[in-house]
1. If I go through the range 20-34 residue by residue, how many of them are touching a residue at least 40 places away in the same chain (Cβ under 8 Å) and either under 15 Å from residue 55 (Cβ atoms) or crowded, with 18+ Cβ neighbours inside 10 Å (or both)?
2. Report, ordered by the first and then the second residue, all pairs with beta carbons closer than 8 Å, sequence separation of six or more or different chains, a first member in the range 126-153 that is over 21 Å from residue 107 (Cβ atoms) and modelled with pLDDT of 95 or more, and a second member that is within 16 Å of the ligand (Cβ to nearest atom) and part of a helix (DSSP H, G or I).
3. Quick one: in the range 13-27, which of the residues that are under 13 Å from residue 194 (Cβ atoms) and not in a loop (DSSP other than H, G, I, E, B) is nearest to the ligand (Cβ to nearest atom)?
4. From the set of residues in the range 1-10 that are surrounded by fewer than 18 Cβ atoms within 10 Å (Cβ to Cβ) and assigned to a helix (DSSP H, G or I), which is nearest to the ligand (Cβ to nearest atom)?
5. Can you name the residue in the range 99-131 that is farther than 26 Å from residue 170 by Cβ and within 18 Å of the chain's Cα centre (by Cα) and, of all such residues, is surrounded by the fewest Cβ atoms within 10 Å (Cβ to Cβ)?
6. Scanning the range 200-209 for residues that are more than 8 Å from the ligand (Cβ to nearest atom) and either modelled with pLDDT under 95 or under 14 Å from residue 23 (Cα atoms) (or both), which turns out surrounded by the most Cβ atoms within 10 Å (Cβ to Cβ)?
7. Taking the range 57-91 on its own, how many of its residues are in a helix (DSSP H, G or I) and within 15 Å of residue 24 (Cα to Cα)?
8. How many residues does the range 132-162 contain that are loosely packed, with under 12 Cβ neighbours inside 10 Å and away from the ligand (no atom under 16 Å from the Cβ)?
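The values are calculated or read from the model by the stated rules, or taken from the named source; none is laboratory data. Model, not experiment: these values are computed from the prediction. Neighbour counts run over all protein chains shown; Cβ positions are idealised from the backbone, glycine included.
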Ligand SMILES: *Cc1c(COP(=O)(O)O)cnc(C)c1O
């Protein structure tokens, strides 16, 4: 199956208000352009270095999403163009994003990454720290917190995934009542996006199911 067919199939099979981020990490310009020429504009990367090279070489109307762990000292490289940073997991990082937003004279949209998986390797904020982080960021004029992001455990156990996605949806709903600007819930990848959507995901980040398996 081709990249174009994969992408079109996925879009047809999900509700039209769920946004697909095509995660193009390790993939070539050529592969990305195949998706681009279908009219798709939202692409995700997880490494700053790769993201800035692709941004400079590919069409400038692509909306680039930073989905991977972001180091504070690298925010400056993506601040001029990034569309949405999905992976904010500390006040320190948020502060730096604000600083770079001011420097670039743009308001940077971010999601707070919440730790929902049992696995210790997954980054993210503990759910009980969300409210305080949001509170502390009120003075950050160049940051817009648009919602939450989460990565579930890499397991086949549907009950486990129900628990993790359900927990994130619960946090999202709770915050939304207090902070109406929260409208994005980024959860779901190739192996679990359908289940994430049943739990209220508004944004799915899909790589392999569009571009094929990664070799690196
Ligand atoms: C790689 C990646 C994805 C996409 O994963 P696939 O399994 O290829 O769909 C989604 N989110 C993040 C944060 C990623 O790093």
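1. Kept after step one, since they are touching a residue at least 40 places away in the same chain (Cβ under 8 Å), are these residues of the range 20-34: 20-27, 31.
Imposing the further condition that a residue be either under 15 Å from residue 55 (Cβ atoms) or crowded, with 18+ Cβ neighbours inside 10 Å (or both) reduces the set to 20-25, 27.
Within the range 20-34, residues that are touching a residue at least 40 places away in the same chain (Cβ under 8 Å) and either under 15 Å from residue 55 (Cβ atoms) or crowded, with 18+ Cβ neighbours inside 10 Å (or both) number 7.
2. Going by the 8 Å Cβ cut-off, the qualifying pairs are 150/164; 150/165; 150/168.
3. Step one: filter the range 13-27 for residues under 13 Å from residue 194 (Cβ atoms), giving 13-15, 18, 20.
Filter once more, so that each one left must be not in a loop (DSSP other than H, G, I, E, B): 13, 20.
Values: 13: 15, 20: 11 Å.
The extreme case among them is 20.
4. Step one: of the range 1-10, the residues surrounded by fewer than 18 Cβ atoms within 10 Å (Cβ to Cβ) are 1-2, 4-5, 8-9.
Narrowing further to those that are assigned to a helix (DSSP H, G or I): 4-5, 8-9.
Numbers: 4: 17, 5: 16, 8: 17, 9: 14 Å.
This residue is 9.
5. Our first condition is that a residue be farther than 26 Å from residue 170 by Cβ; within the range 99-131, this holds for 99-108.
With the extra rule that they be within 18 Å of the chain's Cα centre (by Cα), the set shrinks to 107-108.
Details: 107: 13, 108: 23.
Per the criteria, the residue is 107.
6. Here is the first cut: in the range 200-209, the ones more than 8 Å from the ligand (Cβ to nearest atom) are 200-204.
The next check asks that each one be either modelled with pLDDT under 95 or under 14 Å from residue 23 (Cα atoms) (or both); those that pass are 203-204.
Numbers: 203: 26, 204: 23.
For the range 200-209, the residue satisfying everything is 203.
7. As a first pass, look at the range 57-91 and keep what is in a helix (DSSP H, G or I): 57, 72-78, 91.
So of that shortlist, the ones also within 15 Å of residue 24 (Cα to Cα) come out as 57.
Counting residues in the range 57-91 that are in a helix (DSSP H, G or I) and within 15 Å of residue 24 (Cα to Cα) gives 1.
8. First, pick out the residues of the range 132-162 that are loosely packed, with under 12 Cβ neighbours inside 10 Å: 132, 135, 138-139, 141, 156-159.
Right, trim to away from the ligand (no atom under 16 Å from the Cβ) and you get 132, 135, 138-139, 141, 157-159.
Qualifying residue count for the region: 8.
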